[in-house]
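Comments concern the structure below.
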Amino acid sequence: EDHSAAITQNGELWTWGRNSGIQLGYSSSDEKNYYPNKLMDNVASVALGANFSAAVKNDGSLWTWGWNSKGVVGNENMGGTHGFAPAKLMDDVASVSLGYLHAAAIKRDGSLWTWGDNSHGELGNGTTSDIGNYEPAKIMDNVVAVSLGIGYSAAIKRDGSLWMWGDNTYGQFGNGTTDSSTVPVKVMDGVSSVSLGGSHTGVIMRDGSLLTWGWNFDGQLGNGTTEDSSVPAKVMDDVA
C-alpha cells in the first residue's frame, strides 16, 4: 500500500517507504524511510501487502514480517505476534503473492497454501471464518502461478486452467456472474499468466492476447469504457 522493495542483481533485498507496521522489516524511530535500506541477502523474490511483506530466499525458505492483522504474517506457531523482523515461515517455496490482507505461497511440489483474512472466502478453504487461518493451509495442487487482490484470489494450474475465488462483487472472476465463492471456481483454459488489481483482473493467454475484466471505474480495463465487466474482453495482442 505505502511501501516498496527491490532485489539487486546479487540478491540483496532493500526496502523503503511507510513503516508504521514494521513492514520494512526493521524498527526505526521514523514512521517513514525515504531511502532504500538493505534488509537481507540471498533473496529470489519479494511480495508486499498492505502493512506486511514476504520474501523467498534462494534456498526456497519463505520469510514474512510486518503488522499481523488477520494473521497475514502466518506465524500462529509463534503466538500470532507482529513480525518486527523477518522470520522464516515455510521451506520448499517456489513463489509468494500477497493481497491486501491475505497471502498465498506455491511450494516446489506445486501445492498452493493460503493464510490471513478470509472475510470474503479469499483463502479458498470453503468458509468465511478467520478461525485457524493464522498459519498456511493447503488449498490445491498442480499450481504454477498465483495472484491476490483485495478479498479475492486467482491461480493457474499446470494445464493452463484459471481458477478464482473470494469476492466477486464487480465480476472480477470473469465467469459472467457476480456470485462470490469460498472455493476455487474454474474460469477458463489456455492461460499463461494472471495479475489481480484491487478488484479487476488481467490475464495473458497462451496465444499472447491480453484479457481484462472486473471493476472499471477509472477505465482500468482498457476497453474504452468505465463500465464494469463480468466477462473477459480482449484488450491487445502480442503481450509477453
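Can you go through N51, N42, N118 and tell me which one is at pLDDT below 95 and farther than 20 Å from I156 by Cα?
Just a single option satisfies the conditions, and that option is N51.
Looking only at residues in the range 203-240 that are free of Cβ contacts under 8 Å to residues at least 24 places away in the same chain and small (G, A, S), the one that is nearest to V143 (Cα to Cα) is A233.
When you check A55 against the structure, is it aliphatic (A, V, I, L, M), assigned to a strand (DSSP E or B) and surrounded by fewer than 21 Cβ atoms within 10 Å (Cβ to Cβ), yes or no? Considered against the rule, which asks whether it is aliphatic (A, V, I, L, M), assigned to a strand (DSSP E or B) and surrounded by fewer than 21 Cβ atoms within 10 Å (Cβ to Cβ), A55 comes out as no.
Please verify whether W115 is within 15 Å of the chain's Cα centre (by Cα), touching a residue at least 12 places away in the same chain (Cβ under 8 Å) and open to solvent by 30 Å² or more (accessible area, probe 1.4 Å), treating the condition exactly as stated. Let's see the steps before the verdict.
On the way: within 15 Å of the chain's Cα centre (by Cα): yes; touching a residue at least 12 places away in the same chain (Cβ under 8 Å): yes; open to solvent by 30 Å² or more (accessible area, probe 1.4 Å): no.
Taking the combined requirement at face value, the residue does not satisfy it.
Among the residues of the range 11-27, is there at least one that is exposed (fewer than 14 other Cβ atoms within 10 Å of the Cβ) and part of a strand (DSSP E or B)? Looking through the range 11-27, none of the residues is exposed (fewer than 14 other Cβ atoms within 10 Å of the Cβ) and part of a strand (DSSP E or B).
Taken over the range 101-150, the residue count meeting the criterion of being at negative phi and not in a loop (DSSP other than H, G, I, E, B) is 20. How many residues does the range 58-71 contain that are among the basic types (K, R) and part of a strand (DSSP E or B)? Summing the residues that are among the basic types (K, R) and part of a strand (DSSP E or B) in the range 58-71 gives 0.
Taken over the range 161-181, the criterion of being open to solvent by less than 40 Å² (accessible area, probe 1.4 Å) and assigned to a strand (DSSP E or B) is satisfied by L162, M164, W165, G166, S181.
Screening N142, N133 for residues that are at pLDDT below 95 and in contact with an Asp or Glu (Cβ under 9 Å, 6 or more places away or on another chain) leaves exactly one candidate, N133.
Residue by residue, here is whether (1) in a loop (DSSP other than H, G, I, E, B); (2) more than 21 Å from G151 (Cβ to Cβ); (3) under 22 Å from the mean Cα position of the chain (by Cα) holds:
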site: G198; (1), (2), (3): yes, no, yes
site: G202; (1), (2), (3): no, no, yes
site: D207; (1), (2), (3): yes, yes, no
site: G224; (1), (2), (3): yes, yes, no
site: D238; (1), (2), (3): yes, yes, no
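Please go through the range 72-99 and pick out each residue that is surrounded by fewer than 23 Cβ atoms within 10 Å (Cβ to Cβ), modelled with pLDDT under 95 and not in a strand (DSSP E or B). N75, E76, N77, M78, G79, G80, T81, H82, listed by residue number.
Restricting G190, G176, G214 to residues that are modelled with pLDDT of 95 or more, in contact with a His (Cβ under 9 Å, 6 or more places away or on another chain) and of a type outside the set (V, I, T) narrows the list to G214. Could you grab me the full set of residues in the range 209-218 that are in a loop (DSSP other than H, G, I, E, B) and open to solvent by less than 30 Å² (accessible area, probe 1.4 Å)? Passing the criteria: S209, N216.
The values are calculated or read from the model by the stated rules, or taken from the named source; none is laboratory data. This structure is a prediction, so every number in the text was calculated from the model and none was measured. With ideal geometry, Cβ positions are generated from the backbone for all residues, glycine too; neighbour counts draw on all protein chains shown. Ligands, DNA and RNA are stripped out before the accessible areas are found, and what is left, the full protein with its side chains, is counted by its heavy atoms. Shrake-Rupley method; radii C 1.70, N 1.55, O 1.52, S 1.80 Å.
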